[in-house]
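Chemist: One structure is given below, represented as structure tokens, and several questions about it will come after.
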Amino acid sequence: MVYTKKRKIKKEAIITIIAIIIVIILIITSICIYKHFTSTEYKLGKIGYNEKEITTLLKADDKVLTKALENKYDKYLIPLTKEKYFLWKNYDKYVKEIKKTLEKSNKIDYTDIVAKVNVKRNYDYYTHTEKTDMDKENAILVNKYYSLPEKYAPKNIVDVSNWHAYGNIKLNNEAYEAFKTMFNAAKKDGITLIINSGYRTYEAQKQTYDDYKNWYDEEYADGIAARPDFSEHQTGLALDIITYGTSGKEFENTDAYKWLQKNAHKYGFILRYPKGKEDITGYSYESWHYRYLGKDLAQKVKNSGLTYDEYYAYYLD
Ligand SMILES: [Zn+2]
């Protein structure tokens, strides 16, 4: 009798324990299911990202992940945000440019698209123009999208000595001082640098531009001269350099050019329109055209390997 009762109690205890275990298992399973369906991985999968993309997105920074979670599937999000010079403010413009590119070819060069949109090259020259930020002083950007204030005439313009230049040339005072230091350093290395062109007034630039426009047409004029208020020469910070016995086009084959390639940035100058970057700068390669930025900035631009338009868009704008 006692034995049977004991067995019954034992049986009840086992049932209770099993029941408790089942409940625990159910709770854990529910939590797991809940966790799965509310997980970032699940949500990203539901939006349409594949396993590889999800892994990338989970490692990406918060802003990228949030963008992915809050929008429809976007196959450009990962490749675009991976680009070194990607800027969030240009996101929609990058996508628009990608779609425009895809109408013509099926190859997308993300680096090229980011570079172009950053410098506004997704727009035609002289469209979407804005006044440049004059507070940037020596670092002001002047190109086919950023203009100087109307009929701008800079202060601190000085005459360049005939010792350093051909003809009557003027330059920004600071730029000229830096040039003199560079001139002397080059001289020590047996190189003679000669300024062939410097500051150009609004009126002079307008005359040149209008002449081309009248003789030919606007397209031709735009291809050969900057519009007034859009020329770097009007800042007093740009100069064309040549050496004995050469004109502009031959300058790239001279030792003077090689010397400048190696040293100009140390004195605050950069080659403004490099080879292969015509579509970014909006100008054909000009081995003779240098821009004064100041030592620190010129050094940084040189190290970046970027054109000044790209550097400005990413670091200074
Ligand atoms: Zn020039």
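The values are calculated or read from the model by the stated rules, or taken from the named source; none is laboratory data. Source: prediction; values computed, not measured. Neighbour counts run over all protein chains shown; Cβ positions are idealised from the backbone, glycine included. The accessibility values were calculated without ligands, DNA or RNA, using every heavy atom of the protein model including side chains. Shrake-Rupley method; radii C 1.70, N 1.55, O 1.52, S 1.80 Å.
Chemist: Among the residues in region 104-111, are any outside any loop (DSSP other than H, G, I, E, B) and at pLDDT 95 or above? Before you say what the answer is, go through the steps one by one.
Modeler: Initially, region 104-111 is screened for residues outside any loop (DSSP other than H, G, I, E, B), giving 104, 110-111.
Pick out the ones that are also at pLDDT 95 or above and you get 110-111.
So far as region 104-111 goes, yes, one or more of its residues are outside any loop (DSSP other than H, G, I, E, B) and at pLDDT 95 or above.
Chemist: Going residue by residue through region 172-187, is there one that turns out to be within 15 Å of the ligand (Cβ to nearest atom), aliphatic (A, V, I, L, M), buried (at least 17 other Cβ atoms within 10 Å of the Cβ) and at pLDDT 95 or above? Spell out the reasoning first.
Modeler: So the first thing to find is which residues in region 172-187 are within 15 Å of the ligand (Cβ to nearest atom), and the list is 172, 175, 179.
Applying the additional criterion that residues be aliphatic (A, V, I, L, M) yields 175.
With buried (at least 17 other Cβ atoms within 10 Å of the Cβ) added as a condition, the list becomes 175.
Now drop any that are not at pLDDT 95 or above, which leaves 175.
Among the residues of region 172-187, at least one is within 15 Å of the ligand (Cβ to nearest atom), aliphatic (A, V, I, L, M), buried (at least 17 other Cβ atoms within 10 Å of the Cβ) and at pLDDT 95 or above, which makes the answer yes.
Chemist: Could we say that A221 is surrounded by fewer than 22 Cβ atoms within 10 Å (Cβ to Cβ) and assigned to a helix (DSSP H, G or I) here? Talk me through it step by step, then tell me what you get.
Modeler: Details: surrounded by fewer than 22 Cβ atoms within 10 Å (Cβ to Cβ): yes; assigned to a helix (DSSP H, G or I): yes.
When the stated conditions are applied, A221 passes them.
Chemist: Can you say whether Y146 is within 19 Å of the chain's Cα centre (by Cα), modelled with pLDDT of 95 or more, in the same structural domain as H289 (by TED's automatic domain parsing) and buried (at least 16 other Cβ atoms within 10 Å of the Cβ), as far as the supplied structure shows? Give the derivation first.
Modeler: Values: within 19 Å of the chain's Cα centre (by Cα): yes; modelled with pLDDT of 95 or more: yes; in the same structural domain as H289 (by TED's automatic domain parsing): yes; buried (at least 16 other Cβ atoms within 10 Å of the Cβ): yes.
So Y146 passes the test.
Chemist: For region 13-55, name all the residues that are part of a helix (DSSP H, G or I), open to solvent by less than 90 Å² (accessible area, probe 1.4 Å) and under 30 Å from K82 (Cβ atoms).
Modeler: T38, T40, Y42, L44, G45, I47, E53, I54, T55
Chemist: Now for a separate question. Looking only at residues in region 230-261 that are more than 16 Å from the ligand (Cβ to nearest atom) and not in a helix (DSSP H, G or I), which one is surrounded by the fewest Cβ atoms within 10 Å (Cβ to Cβ)? Give the derivation first.
Modeler: Narrowing region 230-261 to residues more than 16 Å from the ligand (Cβ to nearest atom): 244-245, 253-255, 258-259, 261.
Still in the running and not in a helix (DSSP H, G or I): 244-245, 254.
Numbers: Y244: 9, G245: 7, T254: 19.
This residue is G245.
Chemist: Checking Q205 against (1) polar (S, T, N, Q); (2) within 16 Å of the ligand (Cβ to nearest atom); (3) open to solvent by 10 Å² or more (accessible area, probe 1.4 Å): exactly one of these is not met. Which one?
Modeler: (3)
Chemist: Of (1) within 22 Å of L193 (Cα to Cα); (2) in contact with a strand residue (DSSP E or B) (Cβ under 7 Å, 6 or more places away or on another chain); (3) within 13 Å of the ligand (Cβ to nearest atom), A264 satisfies all except one. Which?
Modeler: (3)
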